[in-house]
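The values are calculated or read from the model by the stated rules, or taken from the named source; none is laboratory data. In this text the structure is predicted, and so the values were computed from the model without any measurement. Glycine gets a Cβ as well: all are built from the backbone with ideal geometry, and neighbour counts include every protein chain shown. When the accessible area is computed, the model is the full protein with side chains, heavy atoms only, and any ligands, DNA or RNA have been set aside. Shrake-Rupley method; radii C 1.70, N 1.55, O 1.52, S 1.80 Å.
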Amino acid sequence: MDNGQRKTNNCSNGHFRLSHQVFSGGYTCSKYRLLLLCLGLLNVVLLISAVVIGIKCAQIRQNSLHVSHPAAAQLLNQLHDLHNNHSDVIMAEEDAKRALETAVINHAMLRDQLQQKKIINDGYQKQLEALRTERTTLLSNISALESSCGKCPSGFLHFNTSCYFFSSSESSTVKKNWHDSRTDCINRGSDLIVIDSPEEQAFVSNNIKNMVSGRMSWQSGFWVGLTDIETEDQWVWINNVTEVEPRYWDEGEPNNHGPDGEDCALVIHRPSNPWKTRYDAKCKEHELYWLCEKSTRHNQ
Ligand SMILES: [Ca+2]
Ligand SMILES: [Ca+2]
Ligand SMILES: [Ca+2]
């Protein structure tokens, strides 16, 4: 057998045989093989291309996920934080509402309590006024009782061994100068007061407070039996006893004020210090209340 017959026999096996039958018009077996090889290479190229494209797509998808995942996580975190913050704000608002409601209730309670205390205080004020009136009445009754016992004349108050006449208790409008005041005391069987003990000073101060209703000016004062008429700044009581105690003068007194000076003493009500109650004033020009003293020993 020669080479031409071997090639015809090889091509007669399998589909080569069919192809040979179909394309028997002049194609050779080697051309079929080349065509098949080309087709096979093309398939390989297509397969490789498909694999490469698939790998690229996977890489692109993975990169896309890598890029988008942190941003999405950040957004989710921010959303979570915002949700938490919103919850906190709502809780704080609820707490504030409850606190406000409690404050409103407490305010209403305090207002009611304040109103009740005001009513109670008003009641106490009325009781206090009633007690003051009753005290004044009792003082008058005491004076009347002392008078009825024969120790003091009518209108005089009794204290220790003396009786005292406060002119304002008889008239709140009548005032006299020092000399006329002393004359009135003498006409009542007494004389201007001589304050010669701390107890007498306290008695006078307390009674003046009740009689002048708290007025503290020297114009609401009472003449007493103390002058420096004979010798300036040498204060002598009408019983010729020289006053050597300086603590009873008010601050800045006696000041002998004015061109004619001031030579007669008066006492006022001084609630801040019942010991500093004395002023000097003009004996003839100034008109004030006056205070008489009458010893009970003269009646015994
Ligand atoms: Ca006296
Ligand atoms: Ca004087
Ligand atoms: Ca004076």
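Quick check on region 254-263. Is at least one of its residues part of a strand (DSSP E or B) and either modelled with pLDDT of 90 or more or within 12 Å of ligand 3 (Cβ to nearest atom) (or both)? Break it down into steps so the answer makes sense when it comes.
The first filter runs over region 254-263 and keeps only residues part of a strand (DSSP E or B), leaving none.
Taking every residue of region 254-263 in turn, none turns out to be part of a strand (DSSP E or B) and either modelled with pLDDT of 90 or more or within 12 Å of ligand 3 (Cβ to nearest atom) (or both).
Quick one: in region 231-264, of everything that is more than 15 Å from ligand 2 (Cβ to nearest atom) and among the β-branched types (Val, Ile, Thr), which residue is surrounded by the most Cβ atoms within 10 Å (Cβ to Cβ)?
Taking the candidates together, the pick is Ile238.
Against the condition under 24 Å from Thr161 (Cβ atoms) and away from ligand 1 (no atom under 16 Å from the Cβ), how does Arg270 come out, does it pass? Steps first, answer last, please.
Numbers: under 24 Å from Thr161 (Cβ atoms): no; away from ligand 1 (no atom under 16 Å from the Cβ): yes.
Considered against the rule, which asks whether it is under 24 Å from Thr161 (Cβ atoms) and away from ligand 1 (no atom under 16 Å from the Cβ), Arg270 comes out as no.
One line per residue, one yes/no per condition, for (1) at pLDDT 95 or above; (2) in a helix (DSSP H, G or I); (3) under 38 Å from the mean Cα position of the chain (by Cα):
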| residue | (1), (2), (3) |
| --- | --- |
| Leu76 | no, yes, no |
| Asn85 | no, yes, yes |
| Val89 | no, yes, yes |
| Asn106 | yes, yes, yes |
| Leu114 | yes, yes, yes |
| Arg135 | no, yes, no |
| Ser140 | no, yes, no |
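In region 283-290, is there at least one residue being near ligand 3 (Cβ under 9 Å from one of its atoms), touching a helix residue (DSSP H, G or I) at 6+ places or on another chain (Cβ under 7 Å), in contact (Cβ under 8 Å) with a residue 40 or more places away in the chain and closer than 19 Å to Ser168 by Cα? Reasoning before the result, please.
At the first step, the residues of region 283-290 found to be near ligand 3 (Cβ under 9 Å from one of its atoms) are none.
No, there is no match, as no residue in region 283-290 is near ligand 3 (Cβ under 9 Å from one of its atoms), touching a helix residue (DSSP H, G or I) at 6+ places or on another chain (Cβ under 7 Å), in contact (Cβ under 8 Å) with a residue 40 or more places away in the chain and closer than 19 Å to Ser168 by Cα.
Tell me the residue from Phe166, Phe159 that is open to solvent by less than 100 Å² (accessible area, probe 1.4 Å), assigned by TED's automatic domain parsing to the domain that holds Asn206 and modelled with pLDDT of 95 or more, please. Show your work before the answer.
On the way: Phe159 fails: modelled with pLDDT of 95 or more.
Answer to the check: Phe166.
Can you tell which of Gly225, Gly189 is out of contact with any Gly (no Cβ under 6 Å at 6 or more places or on another chain), under 24 Å from Pro271 (Cα atoms) and not in a helix (DSSP H, G or I)? Working first, answer last.
On the way: Gly189 fails: under 24 Å from Pro271 (Cα atoms).
It is Gly225.
Could you list all residues from region 233-253 that are part of a loop (DSSP other than H, G, I, E, B) and within 52 Å of the chain's Cα centre (by Cα)? Please lay out each step first, then the result.
Just the residues of region 233-253 that are part of a loop (DSSP other than H, G, I, E, B), to begin with: 233-235, 238-241, 243-245, 250-253.
Within region 233-253, Glu243, Val244, Glu245, Asp250, Glu251, Gly252, Glu253 meet the criteria.
Restricting attention to region 237-264, which residues are of a type outside the set (A, V, I, L, M, F, W, C), under 19 Å from Arg182 (Cα atoms) and away from ligand 1 (no atom under 16 Å from the Cβ)?
Glu262, Asp263
Rundown of residues vs (1) within 23 Å of Val212 (Cβ to Cβ); (2) assigned by TED's automatic domain parsing to the domain that holds Trp218, yes/no style:
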| site | (1), (2) |
| --- | --- |
| Leu75 | no, no |
| Val89 | no, no |
| Arg135 | yes, no |
| Asn177 | yes, yes |
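Under 7 Å between Cβ atoms, which residue pairs at least 6 apart in sequence (or on different chains) link something in region 170-183 that is assigned to a helix (DSSP H, G or I) with a partner that is among the aliphatic types (A, V, I, L, M)?
Ser181/Leu192; Arg182/Leu192
Among the residues of region 183-203, which ones are surrounded by 15 or more Cβ atoms within 10 Å (Cβ to Cβ) and of a type in the set (A, V, I, L, M, F, W, C)?
Matches in region 183-203: Cys185, Leu192, Ile193, Val194, Ile195, Phe203.
Given the criterion within 16 Å of ligand 3 (Cβ to nearest atom), at pLDDT 95 or above and surrounded by fewer than 23 Cβ atoms within 10 Å (Cβ to Cβ), identify the matching residue among Asp280, Asp228, Asp180.
Details: Asp280 fails: surrounded by fewer than 23 Cβ atoms within 10 Å (Cβ to Cβ); Asp180 fails: within 16 Å of ligand 3 (Cβ to nearest atom).
Exactly one of Asp280, Asp228, Asp180 is within 16 Å of ligand 3 (Cβ to nearest atom), at pLDDT 95 or above and surrounded by fewer than 23 Cβ atoms within 10 Å (Cβ to Cβ), namely Asp228.
So which pairs qualify, if the first residue must be in region 243-265 and in the same structural domain as Asn177 (by TED's automatic domain parsing) and free of Cβ contacts under 8 Å to residues at least 60 places away in the same chain, the second must be buried (at least 18 other Cβ atoms within 10 Å of the Cβ) and assigned to a helix (DSSP H, G or I), the Cβ gap must be under 7 Å, and the two must be at least 6 apart or on different chains?
Sorted first by the residue in region 243-265, then by its partner, the pairs are Tyr248/Gln201.
Among (1) more than 17 Å from Trp249 (Cα to Cα); (2) without any contact (Cβ under 8 Å) to a residue 40 or more places away in the chain; (3) within 12 Å of ligand 1 (Cβ to nearest atom), there is one condition Ser197 misses while meeting the rest; what is its number?
With respect to (1) more than 17 Å from Trp249 (Cα to Cα); (2) without any contact (Cβ under 8 Å) to a residue 40 or more places away in the chain; (3) within 12 Å of ligand 1 (Cβ to nearest atom), Ser197 is out only on (1).
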